[in-house]
Amino acid sequence: MRKKIVAGNWKMNTLLKDGMELAKAVESLEKEKSSDTLVIIAPPYTHLSRVNDLIEGVKLSAQNCASEESGAYTGEISPDMLVSVGVEYVILGHSERRAYYGEDNELLNKKTKLALSKGLKPIFCCGEVLEERESGKLFDVIREQISVGLAGLTKEDMDQVIIAYEPVWAIGTGVVASPDQAQEMHKFIRDLLVELFHQEVAENMSILYGGSCKPSNAAELFANPDVDGGLIGGAALKAEDFLGIVNAY
């Protein structure tokens, strides 16, 4: 039975003091939730070690990792470094990494394999921009991102992966994919997993929705049979809003 998951991506927000307060608030509210939803937070790199000391029920994720184990890669953070400070998950392929930093599917495949080899669980992101949706290329884009980005992974590898679908046209715009649009793409992804991997992989895979999800629309989105939770951006920066999404289940 696949997990219900709500993950908060803080992006480049909060200084350490504010981030620690936010993490403590999320941890406190998480203990009061009535559902069995898995809650994950992804603070900036600078917060990870300190935040790890504050949380128990909430799981810790990084927002990215390097494609190499170690060496002369100034500014990069390796999977081993993340594991050493208590990180369990890592977001890979976020639309902002693809758009601003030129991360392509081949690089993300390398990162995913390295992260898995070090014991990290990838939250692998995929999604189309508005032009690709309007031109009818949306399914081709998602197929390529997943088939290349997750190429060469075994069934056992895939048991550790979470997929997050990001309609890029809905991130930070206030526009939200309708429940029908979200379900259509999530079902396409699940069917693609059957084709590329195995029926069991598809049935067990948690597929998250990541596009302007808020407490006011989370329940309607999560009611879809192939939507297993959310990768939350702006609403993750307020503990009450974030847990309002968690409690939408």
Those helices (runs of 4 or more DSSP H) lying entirely in segment 166-249 with at least 1 residues without any contact (Cβ under 8 Å) to a residue 12 or more places away in the chain and either acidic (D, E) or crowded, with 23+ Cβ neighbours inside 10 Å (or both)
179-196
Per the filter on segment 145-161, residues within 18 Å of the chain's Cα centre (by Cα) and charged (D, E, K, R) are D157, D159
Candidates L92, L82, L48 - the one that is free of Cβ contacts under 8 Å to residues at least 60 places away in the same chain, within 30 Å of P225 (Cβ to Cβ) and within 19 Å of the chain's Cα centre (by Cα)
L92
Only one of (1) part of a helix (DSSP H, G or I); (2) free of Cβ contacts under 8 Å to residues at least 40 places away in the same chain is not met by G57, so which one is it?
(1)
Considering (1) surrounded by 18 or more Cβ atoms within 10 Å (Cβ to Cβ); (2) more than 23 Å from I163 (Cα to Cα), say which one N64 fails and leave the rest.
(2)
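Residues that are touching a Pro at 6+ places or on another chain (Cβ under 6 Å) and at pLDDT 95 or above: which helices (runs of 4 or more DSSP H) entirely in segment 66-133 hold 1 or more of them? Can you show your working first?
Values: elements: 79-84, 95-101, 105-117.
Qualifying helices (runs of 4 or more DSSP H): 105-117.
Of the residues G211, G149, which is modelled with pLDDT under 95 and closer than 18 Å to I123 by Cβ?
That would be G211, the only listed residue that is modelled with pLDDT under 95 and closer than 18 Å to I123 by Cβ.
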Scanning segment 1-58 residue by residue, the ones that are exposed (fewer than 15 other Cβ atoms within 10 Å of the Cβ), modelled with pLDDT of 95 or more and aliphatic (A, V, I, L, M) total 3
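The values are calculated or read from the model by the stated rules, or taken from the named source; none is laboratory data. Treat the numbers as computed from the prediction; the structure is a model and nothing was measured. Virtual Cβ from ideal backbone geometry, glycine too; neighbours counted across all protein chains shown.
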